[in-house]
Each structure stands twice: as structure tokens, then as C-alpha cells.
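Take a look at the structure below.
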Amino acid sequence: MLFTGRLAELPPSAFAKLATLLDPHAPGKPPISLAVGDPNGAVPAFVGEAIAKHAKEFGTYPPINGSAEWRAAAAGWLTRRFRLAPGAIDPERSLLPLNGTREGLFLALFTVMPETKAGKRPAVLIPNPFYQCYAAAALSAGGEPVFVPATAANGFLPDHAALPKELLERTAAVYICSPSNPEGACASEQYWRTLFALADRYDFTVFADECYADIYLEKEPVSALPMRGAPFERLLTFHSLSKRSGLPGLRSGIVAGEAKLIERFRQFRNYAGPQVPLPIIAASAAAWRDEAHVTANRASYQEKFQLAQRMLGNRAGFRVPEGGFFLWLDVGNGEETALRLWREAGVRTLPGAYMGRDVIAGKSRSNPGFPYIRVALVNDSSTTMAALERMVEVLGTP
């Protein structure tokens, strides 16, 4: 056992499980990976220019709240993007830079987790399937991860209002991803209103993982910030240059929300010290100010989804997501299909069950991800087309 105590409950890495499944077998053709959500587009020229201009600042300890330039750029983007009233986002009090959004999603939970709630172990509500950082944070902070199914029947978003009152009373935080990973579902205005009403009634914090908010097919996703409104009580929202700008190696994001939650998180992060280096902060500020590269990035994904729809759209279970860059493809048995695609076509995909938990212990088919594979459309168009052609050959036509 790698960990002891409560960390022994940490879910195994989806990609470690994928390696165990596929690596003993030779790929049927030269490998193409559609398993990892790793954008690999062109890096905008201004990124390198900003880092080079500020390179001497690698010799300086970066402040925990970034630079004044970054704070102004981040606040300006949030205000423009989500059509907030001027001044709703205070650059000094409403946001912080993150050393990769995952860092914030993990660490922020520690700052809102009580020892007990309603006399019991605090609960952290997590979508099922889920981004595994959420469960790791819940366990590490001493909470109980509670996996709330996100299925086709409920629009691939958890139905928190249907949960028992006793569970909601001991809930300390809710993670919600919109557009969701892996399904690409977007929360509606009514969904956010219902969630915030529950947060007010039961006094929990909403962690809105909105890293895919700038990748959508037709209409902009509804965001948590305008739906909650200033002063954004009980809300922290997370945004990422990894997805928005296709810059995962920059390790740069934003957390924004209620000022007192941001201040608490700022103080906590001073202990852990995950500051973002100032040259990275400068490049990030440039990225938050620029929209042209984001528009081009989004158009590239839209083109690949149109390609996927032409090639796979007649298959049962195919659906075009509202946002994000994943296909959530119903193939009946995700693990069996992922192995077959690898052995016959050299295409690496992720079984949906590896991102989920069994609803009934020991019953694999109760895992909401069981019938699915997650397909990441992050390669260039020609590579994506080649991979999809191979998938069609293996999966056949309906």
C-alpha cells in the first residue's frame, strides 16, 4: 500500500490503470493517444517574448498574489468575459494566481473544511465521474468524498437537490465542473441558482471548476460568477490558461470569488509557498489580455468536433458536447473497447469507468462511466482524422 491512514482511500490514478490495461499489449498500428487532455497547439509568440523580457525576475521570490499587472489583467478578463459590473472583481481582494489550476482546486478545500459538521464527518460532494483531484483533496483535508452520479438521465450534472437532507447538512463543499470533464455538459442558469440556494441554506462552499469555459461549440457556457453576483458569497471559481490558451506547460490559472475566502486562501498558501514565478506571471497577464489566440484555439476545436460528428455521428450514443474538448462516447463497455482500439488500431482512449466510482460496491456496471470511453480531441486535425478513421474501422457502423 502506497499510503496509510485516510490517504489509503485515495483513488488510483486513471492513467496508471490505463497503463496496466494497455501496456502489456502491442498497439495494432503506430500509436495515437486520445487519452490525455493535453492541448498541443502553437504557443503564441507573446508568451516567449514576455518570459524573455522578464527573465531576470527568476532571481526574485515571487509574491503570493502575483504582480499588479497580472491582477489588473486577470480582473479585466473576468469582468469582460463574464460581463460583470465594473468593480465587481477587486484586483486586490477578489482573486489570486495559481501554479496550475489543479493546485488551487486541491489546496483551497483545506481552508473551508471544519473538523465536524452537523456533528459528523464533513462531506464533500463530487460529480461521478470526476476529476480525481477533487477526491484527493477531500480525503487529504479530512472530509468524506461523496460521489453524486452525473448521467445522461440528469444531463450529466449531479442533482444535489435530490440528496438527503442529512447529507446536505454535513456538506462542507461541492465541486462542480462546467463545462464538465469528461461529458462536456454545461450548467444552466437554473442549475446555478439551485446550487447557490442550497449553499446558502446548508452553508457550504461551491468550488466551480470552469477551466473549459472558453472552449464551447455554439454558445458561451453560463458561469458561476454572474449567476452568484458580487460579493460572490460561498463561491470560489477556477480558470486555466492550460485550456483557454492551450498552454498546459505554463502552469498558470486564476482563483476568484468571495473576498474573505480569497484572503483565507492567500494566508494558507503562504505556508505552502506555491507562488507563480514572475516571468510566468508576465506571460500569463499577456494571455489574459489577448482574445485572438483564444478565438483561434476555439475554432480549432470546433473544426475537430465537426469532423468527429461526420465520422462517428451515426453511432448510437454519439453526442456533441456543449463545451470542453472531449467526446464521451457510449460504446457499451468502455474498458473492453479501449483495449480493442489499442490492440487493433493503436488508438489510446480512456475507459470512462476509470474516472468514476461504482454506485454499488463491487458492481462495475453501476459505475456511471462504465459504458463510455473518453476521447480527447487535442491533436492537430490530420492526426485527429487519422485516429477517428481507425476508430470507425474498429467500431464499425451502426
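The values are calculated or read from the model by the stated rules, or taken from the named source; none is laboratory data. Fair warning: this is a prediction, and the values are worked out from it, not measured in the lab. Cβ: placed from backbone, ideal geometry, glycine included. Neighbour counts: every protein chain shown. Side chains are part of the model used for accessible areas, which takes the heavy atoms of the whole protein and leaves out ligands, DNA and RNA. Shrake-Rupley method; radii C 1.70, N 1.55, O 1.52, S 1.80 Å.
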Inset, instruction - For Arg365, state whether it is basic (Lys, Arg), farther than 16 Å from Ala35 by Cα, surrounded by 16 or more Cβ atoms within 10 Å (Cβ to Cβ) and modelled with pLDDT under 95. - result: no
Legend entry - the range 242-255 residues that are touching a residue at least 60 places away in the same chain (Cβ under 8 Å) and under 17 Å from Asp290 (Cα atoms), paired with ones that are of a type in the set (Val, Ile, Thr) and part of a loop (DSSP other than H, G, I, E, B) (beta carbon under 7 Å, 6 or more apart): Lys243/Ile215; Leu247/Val43; Ser252/Val276
Inset, instruction - Specify the residue that is nearest to Tyr372 (Cα to Cα); the eligible residues are those in the range 335-351 that are open to solvent by 10 Å² or more (accessible area, probe 1.4 Å) and not β-branched (Val, Ile, Thr). - result: Glu335
Inset, instruction - For Pro24, state whether it is more than 23 Å from Tyr212 (Cβ to Cβ), at pLDDT 95 or above, open to solvent by less than 50 Å² (accessible area, probe 1.4 Å) and in a loop (DSSP other than H, G, I, E, B). - result: no
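Quick grid of which residues meet (1) over 30 Å from Arg93 (Cβ atoms); (2) outside any helix (DSSP H, G or I); (3) at pLDDT 95 or above:
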| residue | (1), (2), (3) |
| --- | --- |
| Tyr175 | no, yes, yes |
| Asp200 | no, no, yes |
| Ala213 | no, yes, yes |
| Glu218 | yes, yes, no |
| Phe232 | no, yes, yes |
Inset, instruction - Confirm whether Ala287 is in contact with a Ser or Thr (Cβ under 6 Å, 6 or more places away or on another chain), open to solvent by less than 60 Å² (accessible area, probe 1.4 Å) and not in a helix (DSSP H, G or I). - result: no
Inset, instruction - Could you give me the residue pairs with C-beta distances under 6 Å whose first residue belongs to the range 363-389 and is farther than 19 Å from Phe156 by Cα and part of a helix (DSSP H, G or I), whose second residue is at pLDDT below 95 and open to solvent by 30 Å² or more (accessible area, probe 1.4 Å) wherever it lies, and which are 6+ apart or on separate chains? - result: Leu388/Met311
Inset, instruction - Could you tell me which of the residues Leu195, Leu236, Leu225 is in a strand (DSSP E or B) and touching a strand residue (DSSP E or B) at 6+ places or on another chain (Cβ under 8 Å)? - result: Leu236
Inset, instruction - Among the numbered conditions (1) open to solvent by 30 Å² or more (accessible area, probe 1.4 Å); (2) within 30 Å of Leu377 (Cβ to Cβ), tell me where Ser223 comes up short. - result: (1)
Legend entry - Failed item in (1) within 18 Å of Phe326 (Cβ to Cβ); (2) modelled with pLDDT under 95; (3) open to solvent by less than 20 Å² (accessible area, probe 1.4 Å), with Arg269 passing the rest: (1)
Legend entry - Flag for Glu115 being in a loop (DSSP other than H, G, I, E, B), touching a residue at least 24 places away in the same chain (Cβ under 8 Å) and open to solvent by 40 Å² or more (accessible area, probe 1.4 Å): yes
Legend entry - Yes/no for Phe147 being of a type in the set (A, V, I, L, M, F, W, C), modelled with pLDDT under 95, under 30 Å from Tyr354 (Cα atoms) and surrounded by 18 or more Cβ atoms within 10 Å (Cβ to Cβ): no
Inset, instruction - Please enumerate the residues belonging to the range 226-247 that are open to solvent by less than 30 Å² (accessible area, probe 1.4 Å) and either in contact with an Asp or Glu (Cβ under 7 Å, 6 or more places away or on another chain) or closer than 30 Å to Thr116 by Cβ (or both). - result: Phe232, Leu235, Leu236, Thr237, Phe238, His239, Arg244
Inset, instruction - Within the range 202-211, work out how many residues are farther than 17 Å from Gly184 by Cβ and assigned to a loop (DSSP other than H, G, I, E, B). - result: 2
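Rundown of residues vs (1) within 30 Å of Arg298 (Cα to Cα); (2) modelled with pLDDT under 95; (3) of a type outside the set (Val, Ile, Thr); (4) surrounded by 14 or more Cβ atoms within 10 Å (Cβ to Cβ), yes/no style:
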position: Gly28; (1), (2), (3), (4): no, no, yes, yes
position: Val43; (1), (2), (3), (4): yes, yes, no, yes
position: Ile51; (1), (2), (3), (4): yes, no, no, yes
position: Gly59; (1), (2), (3), (4): no, no, yes, no
position: Arg81; (1), (2), (3), (4): yes, no, yes, yes
position: Thr111; (1), (2), (3), (4): no, no, no, yes
Inset, instruction - Return yes when Asn314 is open to solvent by 60 Å² or more (accessible area, probe 1.4 Å), outside any helix (DSSP H, G or I) and modelled with pLDDT under 95 and no when it is not. - result: yes
Inset, instruction - Starting from the range 131-157, keep only residues that are at positive phi, then list their pairs with residues that are polar (S, T, N, Q) whose Cβ atoms are within a distance under 7 Å, requiring at least 6 positions of separation or different chains. - result: Phe156/Ser180
Legend entry - Subset tally (residues that are open to solvent by 20 Å² or more (accessible area, probe 1.4 Å) and in a strand (DSSP E or B)) for the range 123-144: 1
